[in-house]
Amino acid sequence: MSTDLVRGWVGRTRPINKYVSLATISFRQAINYRAALFVNISLTFLWVIVVYHLWRAAYAGRPLFAGYTWEDMRTYVVLAYGINALVGWRIGSLMMSTIRTGEIAIDMVRPLDYCGSQLARSAGYSVVEGMLGMALTLVVGILFLGIRPPHSAGEAALFILSLLLGFLIKSLLVFCISLIMFWTTNGFGVMLAQEAVIQVLSGALVPIALMPEALRVVASVLPMRGIVATPVNIYLGHSSGTDAALQLGLQALWVVVLAVLASLAWRRAFRRVEIQGG
Amino acid sequence: MADIVVADHLTRTFRRPERTGGLRGALRHLVRPQWRTVTAVEDVSFRIGAGESVAYIGPNGAGKSTTIKLLTGILVPSSGVARVCDIEPFRERQRNARNISVVFGQRTQLWWDIPVTDSLRLLGDIYAVPAATFRATLDNLVDVLDLGPLLDTPARQLSLGQRMRCDLAAALVHEPRVLFLDEPTIGLDVSVKARLREFIALMRATRELTVVLTSHDLGDIEELCPRLIMIDKARLVYDGSFAEVTDRFGWRKAVRVTVADDAMDSVAVARSALARMDPEVTGDGPVVEVSFDSRRFPPGEVIKELVLALPVSDLALVETSAEEIVRQLYEGTLALASEPEPEPEAVAGDEH
């Protein structure tokens, strides 16, 4: 029977990094639900079609909205949807269920950093859910909705880098906000509120340039823009060269700030933590 | 024997919302929340030596789980100090985690949709167990717990007993020094229970594992834990050996005799013969049971008197079972404070 066991360890001479291992397991866990995933992605894709047609009607009378051509805009809409799917909400819903049921005790009796393990899980799920969502978005988008491919390989690389930073920003944000559940223990309100706020301020619904003055100023400063608006604008070539570098730097800065905030907030939450159940 | 688990005046309080029922109560709480402080663990102190096996018991809501959470570092004490392997668990939660393991009878630490092997491997990674050690430890666990046929099964398809066996293996892959078992046999059938107890005893013997067990199952306690720590209403009420509990509180003994001549009124005869001992005498046909205080009168004396007074054909000495004693302790019918001959060493915590 020991051969069964060794099978998983062939070629392994040392343990792999615990967070990488955790992300891998989450990835495999996510694959188990691929049928549900396909249904989910397909249904939400309807949303893209609706927004696409709204904008098409708007562009019938005008060639340009805040510097976006119709081609830019349809690319924006489709990509924004894809990115939203890529950077899932897993971290929030996973934290919610473990905090509510007290399952979190099992996470915490292990030598794992709480924030780190939530990010690792989120990464594992995002690879499955996000890659599938993104692939579907790009295929359907390029084939049927006429979105434009990136201009160059360099631009594509910057886009991917910006996307990764955006993933970290969103995960850390959701982590910080989800910590509120340690005080309220019921997370539905928190989840809905954060989702709405992040949707708007990230530019997932409407490009930030099109927002009313006051909101635009707020949205340009806050970290949420780094989730959707920054990567899409890099993809579209609306920010390139020094501007692109500046935007990426801003994203990186927010990642650092949020990571510090997350660890401070976690320390506070931990002092107060009440593990539910006996 | 070095102390490996130490609780020093541990106290933990919680703030609970004070809410009256119904919509009105909910609204009132929203406007002006009222809080009430609940003390889950109050001034609890004990020391557990390396390799010891201790049952930590008490009625539901007494504060057992809170203590375990304080010792595993997932709760911060309100005051007092916990120390496990010379580490304050909540200050160095991750370092503490490498020394300990926790098995929750009601929760699994296996990943639900993933074959058991992979969960075990992930745990090996999390604890950074060197591959060769991991393989050796696991081969041994697989062998002893007979996990071979279960390894490729996802956790969700396991029966409760199978899952518990896998959970125990999962708890031991990193060779912890202290194992906390939180109601490990809850819901298991008799034979599975017996196997688990056997396994835990074996691990204790072969690995110098320190075991802290919370359970309502007296079988678990009796078989695994020579020492008993009892907590009630957040306070420690007893810390001593299991045998001593039976000695201290098992003083009510009974002599049951069968009388050869069933024509005589044996109950009345026994009563008058033993009058000075103030016994409780009950009769059922030829069987007479005399229950007495064995601290005041040695059983031998009672038996002698009975044999002289009655034509005894059969005789048995009945001791109060541990189960009965613990049940009475839980119900509060056996007061620890009013013990007539208190041994000051044994009663820790004050009783005011």
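In the full protein context, chain A carries 45 Å² of accessible surface per residue, based on a 1.4 Å probe and ignoring ligands, DNA and RNA. Bridgeable lysines around residue B:69 (alpha carbons under 26 Å apart, same-chain partners fewer than 8 residues away excluded): A:18, B:193, B:233.
Assuming 1.567 mPa s and 4 °C, estimate D for chain B with Stokes-Einstein, Rh taken as the Kirkwood radius over Cα pairs, in µm²/s.
Details: Rh = 23.5 Å.
Answer, rounded: 55 µm²/s.
Excluding ligands, DNA and RNA, the accessible surface per residue across region B:74-117 is 36 Å² with a 1.4 Å probe.
For every helix of n ≥ 4 consecutive DSSP H residues, a contribution of -39,500 (n - 2.57) applies; sum these over the protein assembly as shown, divide by its total residues, and give [θ] at 222 nm rounded to the nearest 500 deg cm²/dmol. Walk me through the numbers before you get to the answer.
Numbers: 25 runs with 331 residues, N = 630.
When only DSSP H runs of four or more count, the value is -16500 deg cm²/dmol.
State the dimensionless ratio Rg/Rh of chain A (Rg: radius of gyration of Cα atoms; Rh: Kirkwood radius). Before the final figure, lay out each step's value.
On the way: Rg = 20.3 Å, Rh = 20.2 Å.
Across chain A, the Cα-based Rg/Rh ratio is 1.00.
Of A:43, A:232, A:61, which is farthest on the positive side of the dipole of chain A, counting Cα position, with +1 on Lys and Arg Cβ, -1 on Asp and Glu Cβ, and the Cα centre as origin? Going by the Cα projections, it comes out as A:43.
Rounded to the nearest 10 degrees, the inclination of helix A:241-272 to the longest alpha-carbon principal axis of chain A is 30 degrees.
Heavy-atom accessible area buried between chains A and B is around 4300 Å² (1.4 Å probe, both sides summed).
Rounding to the nearest 20 debye, state how big the charge dipole of chain A is about its Cα centre with +1 on each Lys and Arg Cβ and -1 on each Asp and Glu Cβ. Don't skip to the answer; put the middle values down first.
On the way: 21 positive and 12 negative charges, 109 e Å.
Charge dipole, chain A, about its Cα centre: 520 debye, nearest 20.
Radius of gyration over Kirkwood radius for region A:71-202, both on Cα atoms: the Rg/Rh ratio is 1.04.
Candidates B:290, A:253, A:97 compared by Cα position along the dipole of the protein assembly as shown: farthest toward the positive end lies A:253, with charges placed on Cβ.
Of the trypsin sites (Lys or Arg not before Pro) found in region B:212-307, those that fall in a DSSP loop while having at most 11 other beta-carbon atoms within 10 Å are B:296. Computed 3J(HN,Hα) for region B:149-159, one whole-Hz value per residue from the Karplus formula 6.51 cos²θ - 1.76 cosθ + 1.60 where θ = phi - 60°, is x, 9, 4, 8, 8, x, 4, 5, 8, 7, 6, glycine and proline marked x. Distance between Cα centroids, region A:23-80 to region B:35-81: provide it in whole Å. Here the two parts' Cα centres lie 52 Å apart.
State the percentage of accessible surface on chain A attributable to carbon and sulfur atoms; use a 1.4 Å probe and exclude ligands, DNA and RNA. Display every interim value, and only then the final one.
On the way: 8730 of 12530 Å².
Percent of accessible area from carbon and sulfur atoms in chain A: 70.
The residues of region B:70-103 listed by number as losing at least 40 Å² of accessible area in the complex, against the isolated chain and with a 1.4 Å probe, are B:74, B:76, B:93, B:94.
Taken along its principal axes, the alpha carbon cloud of the protein assembly as shown reaches lengths of 118, 63, 46 Å, longest axis first. Remark: mean inter-chain Cβ contacts per residue of B:129-142 equal 3, using a 10 Å Cβ-Cβ cutoff to other protein chain atoms.
Which value, in debye to the nearest 20, gives the size of the charge dipole of the protein assembly as shown about its Cα centre, when Lys and Arg are +1 and Asp and Glu are -1 at the Cβ? Provide the component values of the computation, followed by the final result.
On the way: 62 positive and 64 negative charges, 762 e Å.
The calculated dipole for the protein assembly as shown is roughly 3660 debye.
The residues of region A:237-273 listed by number as losing at least 50 Å² of accessible area in the complex, against the isolated chain and with a 1.4 Å probe, are A:270, A:271. Between the amide H of residue B:78 and those of B:11, B:12, B:13, distances stay under 5 Å, these residues lying 5 or more places away or on another chain, with hydrogens modeled in the peptide plane.
Keeping every protein chain present and rolling a 1.4 Å probe, give me the accessible area per residue for region B:249-329 in Å².
Values: 4240 Å² over 81 residues.
On a per-residue basis, 52 Å².
With all protein chains in place and a 1.4 Å probe, the accessible surface of region B:244-321 carries 49 percent carbon and sulfur. Ranking B:166, B:245, B:275 by Cα position along the charge dipole of chain B, where only Lys, Arg, Asp and Glu carry charges on their C-beta atoms, puts B:166 farthest toward the positive end.
The values are calculated or read from the model by the stated rules, or taken from the named source; none is laboratory data. What you are looking at is a predicted structure, and each value in this text was computed from that prediction instead of being measured. For neighbour counting, all protein chains shown are included, and Cβ atoms are generated from backbone atoms with ideal geometry for every residue, glycine included. Note: accessible area is taken over every heavy atom of the protein model, side chains too, but ligands, DNA and RNA are not part of it. Shrake-Rupley method; radii C 1.70, N 1.55, O 1.52, S 1.80 Å.
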